[in-house]
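See structure below.
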């Protein structure tokens with residue numbers, strides 16, 4: 001949703017979840033991306 005230009009509040013409304021859930025999911029996704037990039041550096 002955010003890639004489509006939606007705000008966190010708009011994404012939360014579309015998905016019928018609290019804004020905190022959106023923030024939590026984004027944070028977890030960012031951590032996964034960083035972990036994946038760090039693995040690539042080790043290879």
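Only the coordinates and a few stated rules stand behind these numbers; no lab work does. Predicted model only: the values in this text are computed from it and were never measured. Here Cβ is always computed from backbone atoms with ideal geometry, including for glycine, and neighbour counts include all displayed protein chains.
Show that you can apply the helix-only estimate: for the chain, add -39,500 (n - 2.57) for every DSSP H stretch of four or more residues, divide by all residues, and state [θ] at 222 nm to the nearest 500. When only DSSP H runs of four or more count, the value is -24500 deg cm²/dmol. Model label points for residue 42 and residue 23, set 7 angstrom from Cα along the Cα-to-Cβ axis, are 3.1 nm apart. Given their separation in residues at 0.36 nm each and the Cα-Cα distance between them, residue 30 and residue 10 gain 5.2 nm when the chain is fully extended. With distances taken between every two different alpha-carbon atoms, the chain has a Kirkwood hydrodynamic radius of 11.4 Å.
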